[in-house]
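So the structure is just underneath, and the comments pick up after that.
The values are calculated or read from the model by the stated rules, or taken from the named source; none is laboratory data. Everything numeric in this text was worked out from a predicted model, so none of it was measured. FYI the Cβ positions are ideal-geometry reconstructions off the backbone, even for glycines, and counts take in every protein chain you see.
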Amino acid sequence: MAERAAAHVRLVVGQAVEERGVAHVALSGGTTPGRTYELLGAEPAELAGMEVWFADERCVPPEDPESNYRLARETLLEPAAIAAESVHRMEGELGPQEGAARYAAEISRHLPNAPDGAPVFDLVVLGIGPDGHVASLFPGAATLDAGGDAICLGVSDSPKPPPQRLTLSLAVLEAARGCLLLATGAGKADAVDGMLGEADRHIPASLLRRERLTVILDDEAAPSGP
Ligand code: 6PG
């Protein structure tokens, strides 16, 4: 899975840089993408022109073991020596509201906008929770109703600890040129199955723009049955 995922990221980065001179890529945390990030970090030349962003972050300091930034720093940013000015960290330590406001402003400063005004990422790398959440957009959460002009949102009641987080909005995920969703293990098979069904706000992954979604799984995470 990680090899295929890394190849996909390299392809998208190369195409974006060729077409627009830059590739804005947002990363998720958790346990799934680490190996993919390590593979990417091992071939830095393939990532030239990439600007690193985050899909979500826990409200902890950047050196905290729970930090998604720390995961990226250890597996990708340092090994690939990605320039600090090309890394746009979510300042989770500022708390949900302040951190979300500052990140939305940072995104607005750097990203082009879609016709509807939403900032456009070239790629958002996502995992999926067993409950079908992506980034820190959880089943039935108010964040899913944040509206088209929401860019980055604060979360204070995450069912996945820690409770306080920052997350890109659904509108931003929908505006992205592509989302890459990674899943491994039998524990994700039901969520993946739900993602591929009808759009359902209790399965946030099912709300992603299907035609711009690439899903890379291992066999255990693949839905059983037809
Ligand atoms: C986070 C992640 C989150 C993650 C899923 C899957 O901050 O927790 O961004 O959205 O992608 O919860 O987590 P695992 O990869 O650990 O299964």
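Based on what the data block shows, is residue 189 free of Cβ contacts under 8 Å to residues at least 60 places away in the same chain, more than 19 Å from residue 201 (Cβ to Cβ), within 14 Å of the ligand (Cβ to nearest atom) and buried (at least 16 other Cβ atoms within 10 Å of the Cβ)? Yes; evaluated as a whole, the condition is true for this residue. For the residues 138, 121, the requirement of being crowded, with 24+ Cβ neighbours inside 10 Å and aromatic (Phe, Trp, Tyr) singles out 121. Take residue 23 and decide whether it is at pLDDT 95 or above and touching a Gly at 6+ places or on another chain (Cβ under 8 Å). Answer is yes for this residue. With respect to (1) part of a loop (DSSP other than H, G, I, E, B); (2) more than 14 Å from the chain's Cα centre (by Cα), the lone exception for residue 187 is condition (1). Looking only at residues in the range 192-224 that are among the small types (Gly, Ala, Ser) and assigned to a loop (DSSP other than H, G, I, E, B), the one that is surrounded by the most Cβ atoms within 10 Å (Cβ to Cβ) is 222. Among the residues of the range 1-40, write down those that are β-branched (Val, Ile, Thr) and under 15 Å from residue 127 (Cα atoms). Correct list: 9, 25, 31, 32, 36.
Among all residue pairs at least 6 apart or on different chains, which show Cβ distances below 7 Å where the first residue, located in the range 166-181, is under 23 Å from residue 31 (Cβ atoms) and acidic (Asp, Glu) and the second is surrounded by 24 or more Cβ atoms within 10 Å (Cβ to Cβ) and modelled with pLDDT under 95? No pair meets every condition. Going through (1) touching a Gly at 6+ places or on another chain (Cβ under 6 Å); (2) away from the ligand (no atom under 12 Å from the Cβ); (3) more than 18 Å from residue 82 (Cβ to Cβ) one by one, residue 4 falls short only on (1).
Matching residues to (1) of a type outside the set (Ser, Thr, Tyr); (2) surrounded by 17 or more Cβ atoms within 10 Å (Cβ to Cβ):
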position	(1), (2)
83	yes, no
87	yes, yes
91	yes, yes
103	no, yes
111	yes, yes
127	yes, yes
131	yes, yes
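For the range 29-46, a residue qualifies if it is in a helix (DSSP H, G or I) and either of a type outside the set (Lys, Arg) or over 25 Å from residue 17 (Cβ atoms) (or both), and the qualifying residues are 34, 36, 37, 38, 39, 40, 41, 44, 45, 46.
Taking the criterion of being closer than 21 Å to residue 94 by Cβ, in a loop (DSSP other than H, G, I, E, B) and not aliphatic (A, V, I, L, M), the residues of the range 140-180 that qualify are 156, 157, 158, 160, 161, 162, 163, 164, 169.
Mind listing whichever residues of the range 76-112 are in a loop (DSSP other than H, G, I, E, B) and touching a Ser or Thr at 6+ places or on another chain (Cβ under 6 Å)? Selection gives nothing.
The set of residues in the range 47-71 being within 14 Å of the ligand (Cβ to nearest atom), in a helix (DSSP H, G or I) and not aromatic (Phe, Trp, Tyr) consists of 68, 70, 71.
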